[in-house]
Amino acid sequence: MGLTPLTFSGISQYSSDFQTILERVTTIASFPLTQLKNEQTDVAAKRQLTNELNTSVKLLGERLTALKDIAANRGVSATSSNTAKLTVDTVNTGTLTQYNLTEVSSTARSASETSVATFASSATTTVSTTGVMRLTVGSQNYDLNLPSGQNNLVGLRNKINSLNAGVTATILTVDGSTNVLSVTANTTGARTLSLRDDPAGANTNFLTAANQGSNLNFKLNGVSVSRASNQVNDLIPGVSFTVRETTAANETLTINLTSDRSKLSDAISDFVDAYNAVQEKVTAQVGKTAGLLSGDYLVREAQDIMRRISSFGLANGTVKNWSDFGVDFAASGAISFDVTKFNSLSVTVLQDSFAFFADTTGLGQLSKTTAAFSADVTGLAALQIAQYDRTDIRLDEQILVLEERINLILQNYLQKLQAADALLGAFESQQRVITASVDSLNLVLYGKQEG
């Protein structure tokens with residue numbers, strides 16, 4: 001609503017004085033309103049600062065979780081000896097080993113056949129001698145009835161596609177008078193695909209039988225494997241890979257699962273950046289130059305998280321403290337990461353580095369603490385922000401009520417001042433009349449005005 005500005009315009013010589021009185025009343029009445037608005041401004045600022053702190057702690061938790069996940073899988077990365085023939089799609093395992101694929105005799109492809117005969121018109125040329133046909137896909141049979149008007153390539157195509165049988169029929173137009181039906185399985189793998197005309201009588205092959213599809217066939221570490229798809233995700237635990245071509249005689253395709261130190265190195269770098277961001281937010285709210293969140297319990301909670309992270313260590317192993325793999329803490333509380341030192345770690349020390357970030361026994365356990373701080377609905381910061389929102393609503397309501405009250409007071413004062421001004425204006429008018437009368441009498445009696 002806001003305060004309604006009032007300007008006094010009177011008729012007496014005291015009008016400017018009345019305006020001054022009105023402005024003074026406005027200033028005095030507005031003191032509590034100003035305090036409420038200042039409080040609301042502080043609440044908005046605190047909410048913003050809390051949101052920024054929460055965002056930084058949440059990112060720190062995400063980076064900590066990333067480290068925990070990498071540690072769980074020991075930073076395993078998979079490589080293929082020949083990416084043209086074998087690619088690794090996903091890796092989610094902590095096993096460090098090697099797998100050999102040999103004798104890839106066939107890759108998986110879809111069954112696909114075409115009509116034995118060609119047809120002059122796809123819309124009018126008859127395709128079935130009896131109007132009855134049978135489609136076989138794998139072990140499933142589908143009987144098709146083609147009544148008059150549908151006994152043509154178009155009708156047959158539409159019937160097949162309406163079956164939801166796992167195949168798709170299309171018409172290939174070779175030229176104006178040569179049309180062919182093509183039926184293709186929607187998925188790869190070896191399967192029976194046939195279409196018979198007059199199945200109860202002549203039982204004639206309508207489709208070729210040249211491509212009944214094929215499975216992917218190979219050996220993994222000497223064990224024969226067959227799959228209907230070229231992507232295999234149920235053979236090696238935690239590894240999905242795709243075979244793209246067959247192998248030559250005596251050719252071996254290798255999947256190597258090794259620890260990739262760059263995964264851990266990149267994750268540590270990201271974590272250091274997130275940690276320093278939280279440290280910066282916390283530092284701004286403590287000490288002599290502390291901001292509006294000075295003494296706030298959320299700042300103390302964030303400080304506690306930072307202390308627990310910075311003081312974390314292990315009792316055993318070659319990596320016990322942050323400095324063992326290149327992370328150092330400055331006097332300001334910020335941390336730095338020496339990538340060169342990390343890259344020089346031995347394989348043994350690298351494996352102990354993964355243990356440092358483990359979930360239940362390593363630093364990863366603190367991800368629960370950051371989650372308790374920054375969870376979207378139930379986190380400490382979210383609850384505090386919700387409280388700020390409620391306070392802002394309450395202050396809005398109080399400000400609205402107070403503004404209405406002040407406006408009424410000002411209107412009341414304005415009316416009283418206008419009445420006083422009108423009365424003074426009347427007195428001044430009467431005074432001028434009396435003065436004029438006296439001047440007239442002096443002129444009549446004495447021939448001059450008093451002056």
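Per-structure values
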{"quantity": "Unmet requirement for residue 343, which otherwise passes all of (1) under 18 Å from residue 272 (Cα atoms); (2) surrounded by 14 or more Cβ atoms within 10 Å (Cβ to Cβ); (3) under 33 Å from the mean Cα position of the chain (by Cα)", "calculated": "(2)"}
{"quantity": "Which numbered condition residue 97 fails, given (1) over 23 Å from residue 383 (Cβ atoms); (2) among the β-branched types (Val, Ile, Thr); (3) crowded, with 21+ Cβ neighbours inside 10 Å", "calculated": "(3)"}
{"quantity": "Filter pass, residue 49 being within 35 Å of the chain's Cα centre (by Cα), within 27 Å of residue 266 (Cα to Cα) and not polar (S, T, N, Q)", "calculated": "no"}
{"quantity": "Evaluation of residue 190 against (1) assigned to a strand (DSSP E or B); (2) under 30 Å from residue 248 (Cα atoms) (one fails), failing number", "calculated": "(1)"}
{"quantity": "Strands (runs of 3 or more DSSP E) completely within region 47-142 that count 1 or more residues being at pLDDT below 95", "calculated": "76-80, 86-91"}
{"quantity": "Test for residue 92: is it surrounded by fewer than 17 Cβ atoms within 10 Å (Cβ to Cβ) and in contact with a Gly (Cβ under 6 Å, 6 or more places away or on another chain)", "calculated": "yes"}
{"quantity": "Criterion: in a helix (DSSP H, G or I), loosely packed, with under 12 Cβ neighbours inside 10 Å and at pLDDT below 90 - qualifying residue of 434, 399, 406", "calculated": "434"}
{"quantity": "Flag for residue 238 being surrounded by 13 or more Cβ atoms within 10 Å (Cβ to Cβ), out of contact with any Cys (no Cβ under 9 Å at 6 or more places or on another chain) and at pLDDT below 95", "calculated": "yes"}
{"quantity": "Qualifying residue in region 380-389 (condition: of a type in the set (Val, Ile, Thr) and over 22 Å from residue 263 (Cα atoms))", "calculated": "yes"}
{"quantity": "Hits in region 59-72 (condition: in contact with a Ser or Thr (Cβ under 6 Å, 6 or more places away or on another chain) and surrounded by fewer than 20 Cβ atoms within 10 Å (Cβ to Cβ))", "calculated": "65"}
{"quantity": "Region 289-348, subset in a helix (DSSP H, G or I) and of a type in the set (Asp, Glu), residue nearest to residue 264 (Cα to Cα)", "calculated": "324"}
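Every residue, every condition in (1) basic (Lys, Arg); (2) touching a helix residue (DSSP H, G or I) at 6+ places or on another chain (Cβ under 9 Å); (3) surrounded by fewer than 14 Cβ atoms within 10 Å (Cβ to Cβ); (4) touching a residue at least 40 places away in the same chain (Cβ under 8 Å), yes or no:
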| site | (1), (2), (3), (4) |
| --- | --- |
| 134 | yes, no, no, yes |
| 139 | no, no, yes, yes |
| 152 | no, no, no, no |
| 164 | no, no, yes, no |
| 176 | no, no, yes, no |
| 206 | no, yes, no, yes |
| 220 | no, no, no, yes |
| 231 | no, no, no, yes |
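The values are calculated or read from the model by the stated rules, or taken from the named source; none is laboratory data. Remember, it's a predicted structure, so these values are computed and weren't measured experimentally. Note that each Cβ is placed from the backbone with ideal geometry, even for glycine, and that neighbours are counted across all protein chains shown.
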